[in-house]
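To keep things clear, I will list the structure first and then write my remarks on it.
The values are calculated or read from the model by the stated rules, or taken from the named source; none is laboratory data. Computed from a predicted structure; not experimentally measured. All Cβ positions, glycine included, derive from the backbone under ideal geometry; neighbour counts span all protein chains shown.
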Amino acid sequence: MCSNYDSVTSPERLRIYFGVDAPAGSIKGEVWPLYQAPFIRRHPHADVGDDAVPPREAMAGLFGMLPHWAGEVAFGRRTYNARSETVAEKPSYRDAWRNGQHCVIPVEHIYEPDWRSGVAVPTRIQRKDGKPMGIAGLWASNRKATGEEVLSFTMLTINADDHGLFKNFHRPEDEKRMVVILRDDQYDEWLDAPADRSMAFMQQYPAQLLMATPEPQRGRRRTGASPTSK
């Protein structure tokens with residue numbers, strides 16, 4: 001389960017690899033739950049037939065899903081990862097899943113704890129080819145928590161007990177999980193997919209295309225966050 005990552009903040013890399021302009025507003029490079037970071041969704045007017053309207057748009061949103069009914073922003077501390085096995089039923093995610101509110105989260109690196117030495121060693125995971133990762137997610141709009149529109153998003157996860165790389169992370173007794181890393185050619189398909197086709201994207205990204213580097217000095221989030229999905 002991913003609670004810490006480096007977002008793609010370079011306008012050039014967002015244009016080259018995701019075909020979007022950088023979002024308006026302040027975004028973070030190092031991201032923890034409830035930090036504001038970019039996510040990419042289908043442009044709401046993409047189907048009007050106007051060539052001036054781009055097919056995708058990058059928005060700034062909170063890392064941690066705030067469903068429309070959530071009454072406080074702190075709710076997002078528990079909803080930054082959504083289990084694909086239960087996403088269609090969990091109250092926090094089911095409306096976004098049913099409505100096809102898909103997003104791609106542009107990520108340079110994600111960080112996971114490697115416990116094989118007996119202590120947690122923060123480890124950076126990235127693509128070997130140097131390109132950023134596009135992680136499958138869901139987004140939501142909430143007005144109840146603050147009285148103004150707040151956009152937020154969550155990353156989808158799958159089982160990784162048999163994955164060549166992600167099986168090495170988290171405590172030995174814990175189930176191994178990994179985020180859903182999309183292939184470059186899947187971005188538009190994922191953004192357009194209805195609920196009944198969404199599970200087809202819940203696949204492991206090949207371990208041989210990824211690399212992991214220990215980064216023991218990586219800053220820790222002082223307040224902590226529990227990777228539970230409500």
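Quick notes on this structure:
- So residue 60, is it surrounded by fewer than 23 Cβ atoms within 10 Å (Cβ to Cβ), aliphatic (A, V, I, L, M), in a helix (DSSP H, G or I) and in contact (Cβ under 8 Å) with a residue 24 or more places away in the chain: no
- Hits in segment 1-28 - residues which are among the charged types (D, E, K, R) and not in a loop (DSSP other than H, G, I, E, B): 6, 12, 13, 15
- Filtered residues of segment 178-194 (kept if in contact with a helix residue (DSSP H, G or I) (Cβ under 8 Å, 6 or more places away or on another chain) and more than 15 Å from residue 85 (Cβ to Cβ)): 182, 184, 186, 187, 189, 190, 193
- Total residues in segment 20-33 satisfying the condition of being farther than 25 Å from residue 79 by Cβ and either in contact with a strand residue (DSSP E or B) (Cβ under 6 Å, 6 or more places away or on another chain) or buried (at least 21 other Cβ atoms within 10 Å of the Cβ) (or both): the figure is 0.
- Those residues of segment 103-124 which are touching an Asp or Glu at 6+ places or on another chain (Cβ under 6 Å) and among the β-branched types (Val, Ile, Thr), in sequence order: 121, 123
- Residue in segment 76-97 that is over 25 Å from residue 171 (Cα atoms), of a type outside the set (D, E, K, R) and in a strand (DSSP E or B) present: no
- Qualifying residue in segment 75-83 (condition: β-branched (Val, Ile, Thr), farther than 29 Å from residue 216 by Cα and buried (at least 16 other Cβ atoms within 10 Å of the Cβ)): no
- Spans of strands (runs of 3 or more DSSP E) in segment 137-224 with at least 1 residues within 15 Å of the chain's Cα centre (by Cα), closer than 30 Å to residue 44 by Cα and hydroxyl-bearing (Ser, Thr, Tyr): 150-159
- In segment 108-119 there is no residue matching the filter, namely being among the basic types (Lys, Arg), out of contact with any Leu (no Cβ under 6 Å at 6 or more places or on another chain), at pLDDT 95 or above and outside any strand (DSSP E or B).
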